[in-house]
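Here's the structure we're looking at; comments come further down.
The values are calculated or read from the model by the stated rules, or taken from the named source; none is laboratory data. Everything quoted here is computed from the prediction, not taken from an experiment. Heads up, the Cβs are rebuilt from the backbone with ideal geometry, glycines too, and the neighbour counts pull from every protein chain shown.
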Amino acid sequence: MKSTIWAWGILLGLSLPSLAGAAGTYSAEKVYTDQQSGKVYYNVERIDLEAREERVVVQMADGQWKKWDPSIRSMRVEKDQQHPLLVTNYADNIEGGMQYTYDPEDQEVVKGKVFRSSPDRKWGIHERLYFEPTAEGYMTKVHSFMLRNNQTGHTKEWLRTNYSIGAAWLSDNRIIYSRLDGKKSNQEEIVIFDPATSQLERIVFGNLRGVDPEKGYVVYTLNKPDRPLYVLDLKKRISKPLKDWAAAEAYLPKMDNAKDATADLPTDFDLDALPEEKMTMKIQRDYEVKVDEASIRVPIVFEEKGYIRIPVKPLADACGWQLIKLEKQNGAHRFKLVNGSRTMELNAENSVLEEGTLYVTPDQIKQLGYKSVHVTYNPER
């Protein structure tokens, strides 16, 4: 099953007017204004090169223009997201990998896991994407959805599938998504999950295509060969057919068009000549792992299949362990973890490697000669 959910946001690459500057032809969109500093952030595209170039540029409060590191291609602001999200060329900024945001208060690029928060900010969801070996010996893609209690920090795998489910928050702090019903017919259904009570409710058979969380409209297709479009009013629990996608869009939030700001650029704008604004980067480490007397901060700790998963590399770096990559077996990962005379092999049977991060359990850490492992949620501010 493939769930294609309608999404909205600021999109770079839409057709915008252009400006012939000193060193190229440019288009620009205004993305974000920092009210505190007066800085204005733009996505700029140089459009007359063989290879398209995208950069973030900043107009300072004094009118001076600066550019960002070329590895940061664009910025976007998403509803209910605390900080602007960044699209980068960093190796780990891949689908399902690490996310990068910009903290304007500290003027830092922040690397970490971005959780989409519920309207009341009490819950967050994050989609992991990785591959794992099957019994048949090939690798299969896994969509794993983590649910975090933002008050306690407890994070667990809430749902695991081999397809995208189009999960979205509703205004009442529940999650709506598509899934296969698991019965012999294997029909697609749209369900709502309440993280506070763990209750699951089916609302209709079909495939989720879009949601207006505020007004309670759900656009979906029926499980029929011609996939007819329907809209469901969640408040009244009444569905009606739709003629086409143009009719469906009337029930969905309006898409933010690119905010054309090409006219804001100086007539002699020259991207190459702009000075680069220097910024620091930090890793968001919201969890503290205490291994005997040593305390190490890590980006995330979560529960999966009854096991607590802790990223091993920050611990290895802090405690002086050796982490040695071994030859893969049947396409699956293998590592050797060494602490003095104690050694263990980490593989697909006893550990998790996903999004470029290797995870171990507290019991495995104890096998390296430690007596206690404790995890606390202590968010960095």
Review point. Is at least one residue of region 127-141 part of a strand (DSSP E or B), without any contact (Cβ under 8 Å) to a residue 24 or more places away in the chain and closer than 19 Å to Val56 by Cβ?
Key: no
Check your understanding: Out of the residues in region 87-138 that are polar (S, T, N, Q) and within 29 Å of Asp172 (Cα to Cα), which is modelled with the lowest pLDDT?
Key -> Gln99
Review point. Of the conditions (1) outside any loop (DSSP other than H, G, I, E, B); (2) modelled with pLDDT under 95; (3) more than 25 Å from the chain's Cα centre (by Cα), Ala51 fails just one. Which one is it?
Key: (1)
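So which residues in region 158-172 are surrounded by 17 or more Cβ atoms within 10 Å (Cβ to Cβ) and either more than 19 Å from the chain's Cα centre (by Cα) or not in a loop (DSSP other than H, G, I, E, B) (or both), if there are any at all? Walk me through how you get there before you give the answer.
At the first step, the residues of region 158-172 found to be surrounded by 17 or more Cβ atoms within 10 Å (Cβ to Cβ) are 158-159, 161, 164-170.
Listed by number, the residues that qualify are Trp158, Leu159, Thr161, Ala168, Trp169.
Among Val31, Val56, which is the only one that is at pLDDT 95 or above, crowded, with 17+ Cβ neighbours inside 10 Å and part of a strand (DSSP E or B)? Steps first, answer last, please.
Details: Val31 fails: at pLDDT 95 or above.
Being at pLDDT 95 or above, crowded, with 17+ Cβ neighbours inside 10 Å and part of a strand (DSSP E or B) holds for just one of Val31, Val56, which is Val56.
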Check your understanding: In region 99-138, which residue that is closer than 30 Å to Glu214 by Cα and over 16 Å from the mean Cα position of the chain (by Cα) is surrounded by the fewest Cβ atoms within 10 Å (Cβ to Cβ)?
Key -> Glu105
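Being assigned to a loop (DSSP other than H, G, I, E, B) and out of contact with any strand residue (DSSP E or B) (no Cβ under 9 Å at 6 or more places or on another chain) narrows it down to one of Lys254, Lys243, so name that one.
Lys254
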Point to revise | Failed item, numbered, when Tyr163 is tested on (1) within 18 Å of Pro119 (Cα to Cα); (2) among the aromatic types (Phe, Trp, Tyr); (3) at pLDDT below 95 | key: (1)
Review point. Could we say that Gly306 is among the small types (Gly, Ala, Ser), surrounded by 13 or more Cβ atoms within 10 Å (Cβ to Cβ) and modelled with pLDDT under 95 here?
Key: no
Check your understanding: Hey, among the residues in region 182-222 that are among the acidic types (Asp, Glu) and without any contact (Cβ under 8 Å) to a residue 24 or more places away in the chain, which one's nearest to Lys156 (Cα to Cα)?
Key -> Asp194
Point to revise | region 83-137, residues that are in contact with a Lys or Arg (Cβ under 7 Å, 6 or more places away or on another chain) and hydroxyl-bearing (Ser, Thr, Tyr) | key: Thr88, Tyr100
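Limited to region 270-315, what total is found for residues that are of a type in the set (A, V, I, L, M), part of a loop (DSSP other than H, G, I, E, B) and not assigned by TED's automatic domain parsing to the domain that holds Asn339?
First pass over region 270-315, keeping only residues of a type in the set (A, V, I, L, M): 271, 273-274, 279, 281, 283, 289, 291, 294, 296, 298, 300-301, 308, 310, 312, 315.
Now restrict to residues that are part of a loop (DSSP other than H, G, I, E, B): 274, 279, 300-301.
Those still in the list that are not assigned by TED's automatic domain parsing to the domain that holds Asn339 too: 274, 279.
Looking only at that region, the number is 2.
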Exercise for review: Considering only region 61-76, state which residues are of a type in the set (Phe, Trp, Tyr) and either part of a strand (DSSP E or B) or modelled with pLDDT under 95 (or both).
Suggested key: Trp65
Check your understanding: Out of (1) within 30 Å of Asp106 (Cβ to Cβ); (2) surrounded by 12 or more Cβ atoms within 10 Å (Cβ to Cβ), the odd one out for Lys278 is which?
Key -> (2)
Study note, to complete from the structure: In region 348-381, residues that are assigned to a strand (DSSP E or B) and either of a type in the set (Lys, Arg) or buried (at least 18 other Cβ atoms within 10 Å of the Cβ) (or both) total 8
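Inspect region 179-191 for any residue being buried (at least 17 other Cβ atoms within 10 Å of the Cβ), assigned to a strand (DSSP E or B) and either under 17 Å from the mean Cα position of the chain (by Cα) or in the same structural domain as Phe302 (by TED's automatic domain parsing) (or both) and give the result as yes or no.
Here is the first cut: in region 179-191, the ones buried (at least 17 other Cβ atoms within 10 Å of the Cβ) are 179, 188-191.
Retained after the next criterion (residues that are assigned to a strand (DSSP E or B)): 179, 188-191.
From what is left, the residues that are either under 17 Å from the mean Cα position of the chain (by Cα) or in the same structural domain as Phe302 (by TED's automatic domain parsing) (or both) are none.
Checking region 179-191: not a single residue is buried (at least 17 other Cβ atoms within 10 Å of the Cβ), assigned to a strand (DSSP E or B) and either under 17 Å from the mean Cα position of the chain (by Cα) or in the same structural domain as Phe302 (by TED's automatic domain parsing) (or both).
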Check your understanding: Looking at (1) modelled with pLDDT of 95 or more; (2) not in a helix (DSSP H, G or I), which is the one condition that is false for Lys224?
Key -> (1)
